[in-house]
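Each remark here refers to the structure printed beneath this line.
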Amino acid sequence: MKKTYESPMITPLHSGLMNKFGTRRNFEPMTHIDGVAVKDLLATFGSPLFAFSERSIRETYRDAVRAFTTRYPKVQFAWSYKTNYLNAICQVFHSEGAWGEVVSGMEYQKALQNGVPPSRIIFNGPDKTNDELRMAVENQSPIHIDHLDELYRLIEIARALGKRPQVAIRVNMDTGVYPIWDRFGFNYENGSAWDAINKIILTDTLDLMGLHCHIGTFMLSTNAYAIATAKMCELARSLQAKHGKKIAYIDMGGGFASKNTLKGSYMPGADTSPSFDDYAEAICTAMLNAGFEADALPLLVLETGRALIDEAGYLLGSVLANKRLSDGRRATILDFGVNVLFTAFWYDHDVYPAQAFGAHAEESVVYGPLCMNIDVIRDNVSLPPLQAGEQLVVCRVGAYNITQSMQFISMRPAVVLIDEQGKPHLIKKRETLQTIEMDEAMPSYLMPKPN
Ligand SMILES: *Cc1c(COP(=O)(O)O)cnc(C)c1O
């Protein structure tokens, strides 16, 4: 086929962190996702559109499980609902054997409705109402206590119900990564964690089954996990020595980095983020060397969210327009904004054109459609010219964007799941004016008059 003529052009080279070839790494368009054409997906389901690859979710999950189970005999993953609680996504994780990890009553209900046995729903977070605690106690779900007020409430509830709830405490600690996430749980170094343990054991109403921590998110240091695990094991061993209580599980939480590139990083995340093997090596080595007897090794629970789902999610969209900014830079305006791509604030997401392009590329600013200056998808990315109506794909958007998306100005996109046979399934409809207004009410005196 004869190539279309492209006129030559002169583009200034912006000096900066990168070399004179700029920062462009993507020389191929992304025309298909798991064998499905991007243009077909957008034609069928509308633009913009979130697409998830079921194959990628399962591959990533199995890779994580393999990394831990080849290093430690007793491992259980629990899917972090808040990372992405679309029911179809949760079901893929549950079908792989993941428990549920929830941080609110709403998420707890969702996990129940998804058929997760209540004893496999870990109830985390600082916000549990008495009714929610009662429900979790009746259901015998593991409750992870965040603060003393919750501890006292739970003791009162347990006594009123005549039950002995299974609990863990959340522990925070100095792992060498700052600032310390010390607003959740009980501190290790200052003795608060011991205080909580003593109170639970000596009031003898709750069954202390486990110890929990979640030291941060997008943690690039595997050593932080080695330190955290050693401290958790030390607590568990002291608990056994002092109170004769063997802990059933140690829950190391989540926080593993995905392969996204943090803003300001010199190297792409795909080259710098630790692998599941790296995290597993740090955590499992510390567990195995902590001195537990072979028959008393605690179950290792992991609640990693971001690292399991980021890769599988794509945001597909279309170019609305191009313009020149006052300094001459090219600006490309897309049909989705930061209200549905919240992670654009801290990642330099990879952006691929979805159709073939030529050899030219230009430093561009990529904007969303919102009437707000902060609606920037990429503040500086080298892209080939994209015409209005052409399509593109943003990669690694699976974590947090759906759950943190904000209804603003336009409809939030539909979501599809591409199954392992390459068939797309609608798992969430695009918003409509009706769904947006569903919960509104109009005082009768403000009712619009028929015209
Ligand atoms: C958010 C959260 C997770 C998941 O965190 P990621 O950084 O996405 O891995 C796990 N456990 C708890 C308690 C959380 O709050």
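Read-outs: derived from the displayed coordinates by stated rules, not from any lab. On a predicted model such as this, the values are computed, not experimentally measured, just so you know. Methodologically, a virtual Cβ is constructed for each residue, glycine included, from the backbone with ideal geometry; neighbour enumeration extends over all protein chains shown.
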What shape does the stretch 277-318 have by the C-alpha gyration tensor, where a ≥ b ≥ c are the square roots of the eigenvalues, rounded means a/c under 1.5, and otherwise prolate means a/b greater than b/c and oblate the rest? prolate
Need the C-alpha centroid separation for the stretch 275-331 versus the stretch 133-162, integer Å. 31
Express the Stokes-Einstein translational diffusion coefficient of the chain in µm² s⁻¹, to the nearest whole number, given a Kirkwood radius over alpha-carbon pairs, 4 °C and a viscosity of 1.567 mPa s. 54
Please tell me which of these pairs span more than 19 angstrom C-alpha to C-alpha: K39/K82; K74/K110; K263/K428; K82/K110; K259/K428; K110/K423? K39/K82; K74/K110; K263/K428; K259/K428; K110/K423
What are the ³J(HN,Hα) values, in whole Hz, obtained from phi via the Karplus relation 6.51 cos²θ - 1.76 cosθ + 1.60 with θ = phi - 60°, for each residue of the stretch 277-292 in sequence order, with x given for Gly and Pro? 4, 5, 5, 4, 4, 5, 6, 5, 4, 5, 5, 5, 8, 7, x, 5
Under the 0.36 nm per residue contour assumption, what length would be gained going from the current alpha-carbon distance of Q355 and F408 to full extension? 16.2 nm
Take every Cα pair under 8 Å in the chain that's 6+ residues apart, average their separations, divide by the length, and report that relative contact order as a whole percent. 19
Can you give the FRET efficiency to the nearest 0.05 for I201 and M9, using r as the Cβ-Cβ distance and R₀ = 60 Å? 0.25
Under the Karplus curve 6.51 cos²θ - 1.76 cosθ + 1.60, θ = phi - 60°, whole-Hz ³J(HN,Hα) for the stretch 93-100, x wherever Gly or Pro sits: 5, 5, 5, 7, x, 6, 6, x
Coordinate range along principal axes, alpha carbons of the stretch 345-451, Å, largest first: 62, 40, 30
What is the dipole size for the stretch 54-307, taken about its Cα centre, with +1 at each Lys and Arg Cβ and -1 at each Asp and Glu Cβ, in debye to the nearest 20? 280
Stokes-Einstein diffusion coefficient of the stretch 54-307, Kirkwood radius over Cα pairs, 25 °C, 0.890 mPa s, in µm²/s: 133
Charge sum, other residues only, whose C-beta stays under 10 Å from I402's C-beta, Lys/Arg counted +1 and Asp/Glu -1: +2
Can you give the relative contact order of the stretch 54-307 as a percent, counting alpha carbon pairs under 8 Å and 6+ residues apart? 20
For the stretch 304-451, calculate the relative contact order in percent as a whole number, restricting contacts to Cα pairs under 8 Å that are 6 or more residues apart. 26
Using every alpha carbon pair in the stretch 212-360, what percent of pairs falls into each 10 Å bin from 0 up to the bin containing the largest distance? 9, 29, 24, 16, 12, 6, 3, 0
So how much slack lies between R237 and M106, counting 0.36 nm per residue of separation and subtracting their Cα-Cα distance, in nm? 43.7 nm
So what's the convex hull volume per residue for the Cα atoms of the stretch 37-129, in Å³? 128
Hand me the chymotrypsin sites (Phe, Trp or Tyr not before Pro) from the stretch 258-323 located in a DSSP loop with no more than 16 other Cβ atoms within 10 Å, in residue order please. Y266
May I ask for the distance between the Cα centers of the stretch 50-129 and the stretch 342-414, given as a whole number of Å? 28
For the stretch 233-320, run through the GluC sites (Glu not before Pro) and keep only the ones in DSSP coil with at most 11 other Cβ atoms within 10 Å of their Cβ. E293
In nanometres, the difference between 0.36 nm per residue of separation and the alpha-carbon distance of R164 and L299 is 46.5 nm
If amide hydrogens are placed 1.01 Å from N in the peptide plane, which non-local residues have theirs closer than 5 Å to the one on H32? V38
Ranked packing of 96-105, 354-363, 182-191, most packed first, by mean Cβ within 10 Å: 96-105, 182-191, 354-363
Quick one: Karplus J couplings for the stretch 187-192, per residue in order, coefficients 6.51, -1.76, 1.60, θ = phi - 60°, nearest Hz, x for Gly and Pro? 6, 6, 5, 8, x, 4
Which residues' amide hydrogens lie under 5 Å from the amide hydrogen of I169, considering only partners 5 or more residues apart or on another chain, with H built in the peptide plane? I145, G210, H212
Once you place label points 7 Å from the Cα toward the Cβ at H32 and E156, how far apart are they in nm? 6.2
